[in-house]
Amino acid sequence: MTTIKLTYKAFAHNASPTTQGVTTAQFELETADVLDNDIMNLIYKVTNLQDDLNEFGARKFEIDLWKTIKAILPANRTHTSLSVGDEIQIQHRTYEITNNGFKLLSIAGNGVSAVRVSLLQD
């Protein structure tokens, strides 16, 4: 199992008294031999299509993944869809969502050079 942590930062400046600026959701995902790129694209897809996944021909495991994420999202978050500025942590690797894909921010808490990982895919 792989630990995945989603950090919602994109709209922290829009926080209100009932929402927090930065919130997180963490879950476990079976990812045997799946590349980080594929995991991030999958999570981006399900958090953006959400309850419309069925209409876009999503597979059962994608719909189930969204249900899992939706159930653990903090009620005081500012948004649900992953957006530019949010982060996905896969085990000890943290990536930021950018306009063009994902940027590696750190490995095991150590800063690293920014690396373009992938383009977002439909």
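The values are calculated or read from the model by the stated rules, or taken from the named source; none is laboratory data. No experiment lies behind these values; they were computed from the predicted model shown. Glycine also receives a Cβ, built like all others from the backbone with ideal geometry; neighbour counts cover every protein chain displayed.
Search segment 48-69 for residues that are without any contact (Cβ under 8 Å) to a residue 24 or more places away in the chain and closer than 21 Å to V84 by Cβ and pair each with any residue that is surrounded by fewer than 11 Cβ atoms within 10 Å (Cβ to Cβ) and of a type outside the set (D, E, K, R) when their beta-carbon atoms are under 7 Å apart and the residues are at least 6 apart or on different chains.
L49/F56
For segment 29-44, which residues satisfy the criterion of being in a helix (DSSP H, G or I) and in contact (Cβ under 8 Å) with a residue 24 or more places away in the chain?
Listed by number, the residues that qualify are D36, N37, I39, M40, N41, I43, Y44.
From the residues in segment 8-45 that are hydrophobic (A, V, I, L, M, F, W, C) and at pLDDT 90 or above, which one is farthest from A71 (Cα to Cα)? Spell out the reasoning first.
Kept after step one, since they are hydrophobic (A, V, I, L, M, F, W, C), are these residues of segment 8-45: 10-12, 15, 22, 25, 27, 29, 32, 34-35, 39-40, 42-43.
So of that shortlist, the ones also at pLDDT 90 or above come out as 35, 39-40, 42-43.
Details: L35: 25, I39: 19, M40: 19, L42: 17, I43: 14 Å.
Once the filter is applied, the top-ranked residue is L35.
Do you know which residues across segment 81-96 are under 9 Å from the mean Cα position of the chain (by Cα) and in contact (Cβ under 8 Å) with a residue 60 or more places away in the chain?
Within segment 81-96, L82, S83, D86, E87, I88, Q89 meet the criteria.
Looking at segment 57-107 only, could you name the residues that are basic (K, R) and over 17 Å from L35 (Cβ atoms)?
R59, K60, K67, K70, R77
What are the residues in segment 49-89 that are outside any loop (DSSP other than H, G, I, E, B), in contact with a helix residue (DSSP H, G or I) (Cβ under 7 Å, 6 or more places away or on another chain) and within 11 Å of Y8 (Cβ to Cβ), if any?
Matches in segment 49-89: I88 only.
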